[in-house]
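Below is one structure, written out as structure tokens; the observations come after it.
What follows is calculated from the coordinates using simple rules that are stated; it is not laboratory data. Keep in mind that this is a model prediction, so the values were computed, not measured. In this analysis, Cβ positions are derived from the backbone assuming ideal geometry, glycine residues included, and neighbour counts consider all displayed protein chains.
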Amino acid sequence: MARKKKLNICLATAEFAPLAKTGGLADVSAALSAYLHKAGHDVRVVMPFYSTLNRGDLKFDPVDNFQNLTVTIGPWDVEYSVYRTVLPTSGLSVNLLRCPALFDRAGLYTAGKDEHLRFLLLSRAAIELCQHMQFSPDIFHCHDWHAATIPLYLKSNYAWDKLFANTRSVLTIHNIGYQGKFPAEILADMTLGPNVGHLHQDDLSSGVINFLKTGILYADLLTTVSPTYAREIQGAEYGMGLDDVLRARSDSLIGILNGVDDEEWNPQTDTLIPRRFSMQNLAGKKTCKKELLKELGLDNNPARPLIGIVSRFVSQKGFDLMEAVLPRLLSQRDFSLAVLGSGDPHLEKFFDSLHRQIPDRVSFYRGFNNKLAHWIEAGADMFLMPSRYEPCGLNQMYSLKYGTVPIVRETGGLADSVQQVNPSKGTGTGILFRDYDTAGLAWAINTALDLYKDRPLWKEIMLNGMAMDFSWQQQGEQYVKIFRKLSGK
Ligand code: ADP
Ligand code: GLC
């Protein structure tokens, strides 16, 4: 039998765990590229060298011949240098674009006037880096709006280069709520010259350039991170104004559920939690709960159910429902809450005041803390994620792996990864509610708290979840399949 040819893949992303992360995009870029690399494909990752990079023990070496390069963006010659680091777990090397003028900022993203330039540099330099390396990608894998102009550039400004003659572009939409919408004044910075007609003309006349929409128009294939979300975004309720362009490309839009990075999120090997555990031996989970309660200063009552929340504080995640429901439920029922997150100051205040009112049952850690995220996944009994919309969601899958029963809204990837518990049959992995309203959320939490009292049943639900396979082995192979089909390789 003929051996399958390896694929050449260039993957451009704004986030990559553990180097730069605000959410699941980082986890997915890292785990997917590591999978593809281990499967024998030639993967070139390109990302910004943010000054806030989480460097750990990694070494970042300047790449010979790729120092002080320039790319012309509008009237500017933007200078950048390429650094490389090799990730110890996978052996994959990552190319980082060092450009202090654009990437030395307080956070990964800004609300500044040059935000578009930062990610135009990522996109254009990713293409030009392929030219410098004389690397001919079969697949240019572009993630979210930050890299979504690449498909257009490949089909216009760089179409002359034979290097890209067989390159097919794939745009993965992780979250349609973030589109990279800029005022048409940035037109010159697009540097499209005679190709300017390729931009969405109605948008342009109404004064807008939308990076994600541009990607949707020009990528050879569109993917998003769950099958349900792929359907949802083609309708007005979830499409955030892009449903019409997505419907027009319906045949080229595929939903592939994210996987879980087993080396990072595995209760049997996790070095960040107080004690490891498995389906066969759940004793460690009890220890994790006890230690977590202690760590967070919560009342040490092991029998009281503990609900965990780890999230960006944004409206997507269903916080308005939590605000309306949690105070009343906390007064009616006996459970504790461990909250980790930051974002919307109003929500930070809400959890802070909830903690002050009931300090022995509500804890709130404001900020980003990976170790605590692992502890909460391991030590909580339930995980709350009542999202208004959720392209995939990773935390509910981590929860399932750690025997922490998810309480989620039935939308996007939550609907695709959690199965409703059926108490009489002992089947299912979590509690789902359908309608985005307070009655739905209250019902779901109450149901979970009631089920928790039936200890043998609860254990069955935990084990059902822990037995689920969300490995990248499975999900990564789906990407390989579509990449092969697209490239004909
Ligand atoms: P999203 O990408 O929309 O934020 P996901 O569930 O896909 O949602 O991914 C969130 C990722 O970010 C998870 O790995 C989660 O553990 C992590 N995370 C979110 N908030 C925090 C936080 N405050 N501290 C540590 N990790 C966090
Ligand atoms: C986005 C989505 C989240 C998804 C993640 C990784 O940030 O909000 O649902 O899991 O990207 O694909």
To the nearest 10 degrees, the tilt of helix 115-133 (Cα long axis) against the first principal axis of the alpha carbons of the chain is 60
So T271 and N369, fully extended at 0.36 nm per residue minus their Cα-Cα distance, gain in nm 33.8 nm
Quick calc, Q478 & D334: beta-carbon distance into FRET formula, R0 51 Å, rounding 0.05, result 0.75
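Quote to one decimal, in nm, the extra length available between A101 and A165 on full extension: 0.36 nm per residue of separation minus the C-alpha distance between them.
Contour length minus Cα-Cα distance gives 19.8 nm.
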Per the Kirkwood formula over distinct C-alpha pairs, the hydrodynamic radius of region 4-121 in angstrom is 15.0
Hits in region 445-488: amide N under 20 Å from the 7 Å Cα→Cβ extension of N422, namely 447-448, 451-452, 454, 456-469
Subtracting the Cα-Cα distance of K485 and D202 from 0.36 nm times their residue separation yields 98.6 nm
At 10 °C in a medium of viscosity 1.306 mPa s, the chain has a Stokes-Einstein diffusion coefficient, with Rh taken as the Kirkwood radius over alpha carbon pairs, in µm² per second, of 67
Looking only at aspartates and glutamates whose Cα falls under 16 Å of K181's and that sit 8 or more positions away or on another chain, we get D114, E115, D144, D189, D202, D203, D243
Among region 323-354, those whose backbone N falls under 16 Å of a label point 7 Å along Cα→Cβ from N301 are 329-338
Among region 27-52, those whose backbone N falls under 12 Å of a label point 7 Å along Cα→Cβ from T89 are 27-35
Placing each pseudo-label 7 Å from Cα in the direction of the beta carbon, L463 and S81 end up separated by a distance in nanometres of 5.8
So, with points 7 Å from each Cα along the Cβ direction, the D64-E185 label distance in nm works out to 4.6
Percent antiparallel among DSSP beta bridges confined to the chain, nearest 5, equals 25
The long-range amide H neighbours of F364, using H built 1.01 Å from N in the peptide plane and a cut-off of under 5 Å, are V339
Taking every DSSP bridge whose two residues both lie in region 283-469, the antiparallel percent to the nearest 5 is 5
Plugging the Cβ-Cβ distance of M133 and K113 into 1/(1 + (r/R0)^6) at R0 = 35 Å yields, to the nearest 0.05, a FRET efficiency of 0.65
In nm, the gap between the two label points placed 7 Å beyond Cα toward Cβ at R434 and D244 is 3.0
Taking Cα pairs closer than 8 Å and at least 6 residues apart, the relative contact order of region 369-475 in percent is 24
Along region 351-363, Karplus-curve 3J(HN,Hα) (6.51, -1.76, 1.60; θ = phi - 60°) to the nearest Hz, with x for Gly and Pro, reads 5, 4, 6, 4, 5, 5, 6, 10, x, 7, 10, 10, 10
CD proxy, 222 nm, the chain: helix-only mean residue ellipticity via -39,500 (n - 2.57) per DSSP H run with n ≥ 4, per residue, nearest 500, stands at -11000 deg cm²/dmol
